[in-house]
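Q: Sharing a structure with you now.
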């Protein structure tokens, strides 16, 4: 049994596992149809949207991404792709393969996309049809200001495609308040669900662009026109065999999220992030992303000089059954990534992680005293608790 | 709890459900990598192939289909699509969307593709690059002669794409013996597994065609060049988050298939098909597909005149918790489809189905005596048992 503190999948809630094991039923069965309607409603809660076209695509996050691009981008469409990590790069691949004309707005890995630079880019490319960006870069743990980027894109008449794979359920994703036109996420990060589903949501502007296409969507499987017929409330027609067990799992995961409440879930991710951060800093480690753009659920930490980062990961995995993530691309070998997402986001994981990392590092002659990180995390928890009590006006816990 | 005797999903074996509930681990974890290697080996057993590039695509059968087409078909490639049901039509959609030049070889729904007509078609279109056909048409229960069709395609220098969604595990699928170049199946039919995975296999000729492409594969998610890097035995790189729980499920489902043995599984599907057929015929019902092209696992039955077929399905579902399938396309309202696939293929299902159908039909003033179908099925089972005993030389069961 592994403790999962990598970039995902995160741990699955036991109630989700139990739900997944329910006997499968036909995808046109009235019972299944009711479950799907509830699922769509629960997804609208998670995405904070009223968009009728909100549903789980039958594939991993990459399918949700590709669904957005193949439907919204027509050959010849100019698309600004903001790239500050792996997933911006994947967006670019998608634009190229759909025949779009990409304009790449680069930012250093670990830094957010600067809204002013997007405005300048749009000024230089006034014929831009779409702006695509990653809200929460899994490869760096960096958050960009989605609300600002979308506002600017709209000022210049462009639609937006937003990657919320790592943010949904862990930090605010406000589809309607932001005006995000097309957005995709994934089941296996902050939703504590089995991997293999990609929640997506499209607003009216996005649907209009798809409907106004002069060319056919290049993918049969991802063509929203066909998917719409299947997920539409009225006439349920056959499109593909729905991944029933995974959908039961997502349904249960979203019920859990609604029971906890979105704001409480965000606060939980923030609380454990602060404790983890306190512990890491007590060991002399530093975070890659600067304050203000840090995602609580994904913590990129610089590997101290002289430490064999791969050996640290190997020992955490083999000795402590603990998975953490490696750096990707230009950050390979330079960072570790500590995910505290969904059901993985709990005090026992934070404490195990600090304790195991301290133990391995001290073994490897890195100057750290075993226990000092845990103590720092403990104090962080305690002071957060005091603050919360004060904020509640002394009305106890 | 439903008894599933429709076109799929079929029932999931309890051991598969249990395997699916195992805690998820990272997709780069050595334990996971070992499981994936075993899974590929088990799939090679199921497909009867040595193809190294044999793996489960992370999506339903439609993803396996699209993966074959987007990789093998380049814009301008002439593709003969054999169409005798819904899935031939979907293949055509795929050819059109990949920029291929389709030539449609039509056959009536419920009849197999005539090899001689394929030869004539290839003679008329000697520049054909690919022949695509459905081995087992789920929409009609009709089997085409895959070995013959592939042999002819190869005689004319064309590669083949084969749909084995409904056949794999239920009737012979001999990838290497046939020489099938690209083939796809699905997890939720005769493999008794959760829906959402699509086993695929590509031989050297297919891979060479992909490698020789002058244009990029239009789908990022389905690009075999990228998928190869992930599934290749040596350097495991990140492509997408693998649907871990579904993969555990498939691993267990394939272990079950290997324990039973391919030939025993085919024989089981044949045995229960014969019993079901005996019962249906005893009620005066007739099968759509003629002897010799009938798939044992998918039985299309003509709706008798004057019977409200939708009401029959509704009553079977609501009164007996039994799902059967409706007709599609030109066969809508004209047939029912009785699937006996994988774990759904067992005597209790056959008996329940005949008993429930007899009861509902007799209620609806169709001239059938309750019990006569069950009796016919019982006799069929008994005579099959006697035959088997004789064949075994009287050495008992």
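Q: If only one of B:207, B:183 is more than 14 Å from every other protein chain (Cβ to nearest Cβ), buried (at least 24 other Cβ atoms within 10 Å of the Cβ) and more than 21 Å from residue B:23 (Cβ to Cβ), which one is it?
A: On the way: B:207 fails: buried (at least 24 other Cβ atoms within 10 Å of the Cβ).
Unique residue meeting the criteria: B:183.
Q: Right, next: Is there a residue in region B:261-277 that is in the same structural domain as residue B:344 (by TED's automatic domain parsing), in contact with a strand residue (DSSP E or B) (Cβ under 9 Å, 6 or more places away or on another chain), farther than 30 Å from residue A:91 by Cα and surrounded by fewer than 24 Cβ atoms within 10 Å (Cβ to Cβ)?
A: Yes - at least one qualifying residue is present in region B:261-277.
Q: Could you grab me the full set of residues in region B:1-14 that are at the interface with another protein chain (Cβ under 8 Å from one of its Cβ atoms), touching a strand residue (DSSP E or B) at 6+ places or on another chain (Cβ under 7 Å) and closer than 13 Å to residue B:189 by Cα?
A: Looking only at region B:1-14, we keep the residues that are at the interface with another protein chain (Cβ under 8 Å from one of its Cβ atoms), and these are B:1-2, B:4, B:6, B:8-9, B:11-12.
Retained after the next criterion (residues that are touching a strand residue (DSSP E or B) at 6+ places or on another chain (Cβ under 7 Å)): B:2, B:4, B:6, B:8, B:11.
Across region B:1-14, the qualifying residues are B:4, B:6, B:8, B:11.
Q: Anything in region B:9-51 that is touching a residue at least 40 places away in the same chain (Cβ under 8 Å), under 30 Å from residue B:205 (Cβ atoms) and out of contact with any helix residue (DSSP H, G or I) (no Cβ under 8 Å at 6 or more places or on another chain)? List them, or say none.
A: Of everything in region B:9-51, those that are touching a residue at least 40 places away in the same chain (Cβ under 8 Å), under 30 Å from residue B:205 (Cβ atoms) and out of contact with any helix residue (DSSP H, G or I) (no Cβ under 8 Å at 6 or more places or on another chain) turn out to be B:33, B:37, B:44.
Q: Here's a follow-up. Only one residue in B:17, B:25 is more than 22 Å from the chain's Cα centre (by Cα) and within 10 Å of chain A (Cβ to nearest Cβ), so which one is that?
A: None of the others qualify; the one that does is B:25.
Q: With respect to residue B:59, is the statement that it is buried (at least 24 other Cβ atoms within 10 Å of the Cβ), within 19 Å of residue A:240 (Cα to Cα) and more than 13 Å from chain A (Cβ to nearest Cβ) true? Show your work before the answer.
A: Details: buried (at least 24 other Cβ atoms within 10 Å of the Cβ): yes; within 19 Å of residue A:240 (Cα to Cα): yes; more than 13 Å from chain A (Cβ to nearest Cβ): no.
For residue B:59, the condition - buried (at least 24 other Cβ atoms within 10 Å of the Cβ), within 19 Å of residue A:240 (Cα to Cα) and more than 13 Å from chain A (Cβ to nearest Cβ) - is not met.
Q: Would you point out which residue out of B:110, B:76, B:61, B:89 is under 23 Å from residue B:228 (Cα atoms) and either touching a strand residue (DSSP E or B) at 6+ places or on another chain (Cβ under 7 Å) or at pLDDT below 95 (or both)?
A: After applying the criteria, what remains is B:61.
Q: Which residue out of A:287, A:191 is within 14 Å of another protein chain (Cβ to nearest Cβ) and modelled with pLDDT of 95 or more?
A: So the residue among A:287, A:191 that is within 14 Å of another protein chain (Cβ to nearest Cβ) and modelled with pLDDT of 95 or more is A:191.
Q: Which residue, of A:250, A:228, A:255, A:197, is under 19 Å from the mean Cα position of the chain (by Cα), surrounded by fewer than 22 Cβ atoms within 10 Å (Cβ to Cβ) and closer than 30 Å to residue B:192 by Cα?
A: Numbers: A:250 fails: surrounded by fewer than 22 Cβ atoms within 10 Å (Cβ to Cβ); A:228 fails: under 19 Å from the mean Cα position of the chain (by Cα); A:197 fails: surrounded by fewer than 22 Cβ atoms within 10 Å (Cβ to Cβ).
After applying the criteria, what remains is A:255.
Q: Also, quick follow-up: Which ones in region B:280-319 are surrounded by 14 or more Cβ atoms within 10 Å (Cβ to Cβ) and within 14 Å of residue B:362 (Cβ to Cβ)?
A: Passing the criteria: B:282, B:283, B:285, B:304, B:307, B:312, B:315, B:316.
Q: Residues of region B:36-56 being buried (at least 17 other Cβ atoms within 10 Å of the Cβ), under 28 Å from residue A:64 (Cα atoms) and either more than 14 Å from chain A (Cβ to nearest Cβ) or at pLDDT below 95 (or both), which ones?
A: Within region B:36-56, B:36, B:39, B:40, B:43, B:53, B:54, B:55 qualify.
Q: Going residue by residue through region A:118-136, is there one that turns out to be within 14 Å of chain B (Cβ to nearest Cβ) and either at positive phi or part of a loop (DSSP other than H, G, I, E, B) (or both)?
A: Keep residues of region A:118-136 that are within 14 Å of chain B (Cβ to nearest Cβ), which gives A:132.
Keeping just the survivors that are either at positive phi or part of a loop (DSSP other than H, G, I, E, B) (or both) gives none.
No: region A:118-136 contains no residue that is within 14 Å of chain B (Cβ to nearest Cβ) and either at positive phi or part of a loop (DSSP other than H, G, I, E, B) (or both).
Q: Separate question: Provide a single number: the residues in region B:72-107 that are over 23 Å from the mean Cα position of the chain (by Cα) and not in a strand (DSSP E or B). Even if it seems obvious, please write down each step before you answer.
A: Here is the first cut: in region B:72-107, the ones over 23 Å from the mean Cα position of the chain (by Cα) are B:74-78, B:96-103.
Applying the additional criterion that residues be not in a strand (DSSP E or B) yields B:74-77, B:96-100.
So the count comes out to 9.
Q: If you don't mind, there's one more thing I want to ask. Identify, please: which residue in region B:329-367 is part of a loop (DSSP other than H, G, I, E, B) and surrounded by 21 or more Cβ atoms within 10 Å (Cβ to Cβ) and is, among those, nearest to the chain's Cα centre (by Cα)?
A: The residue in question is B:341.
Q: Kindly evaluate residue A:101 against the criterion of being surrounded by 24 or more Cβ atoms within 10 Å (Cβ to Cβ), more than 12 Å from every other protein chain (Cβ to nearest Cβ) and more than 19 Å from residue A:227 (Cβ to Cβ).
A: Considered against the rule, which asks whether it is surrounded by 24 or more Cβ atoms within 10 Å (Cβ to Cβ), more than 12 Å from every other protein chain (Cβ to nearest Cβ) and more than 19 Å from residue A:227 (Cβ to Cβ), residue A:101 comes out as no.
The values are calculated or read from the model by the stated rules, or taken from the named source; none is laboratory data. Just so it is clear, the model here is predicted, and its values are computed rather than measured. Cβ: placed from backbone, ideal geometry, glycine included. Neighbour counts: every protein chain shown.
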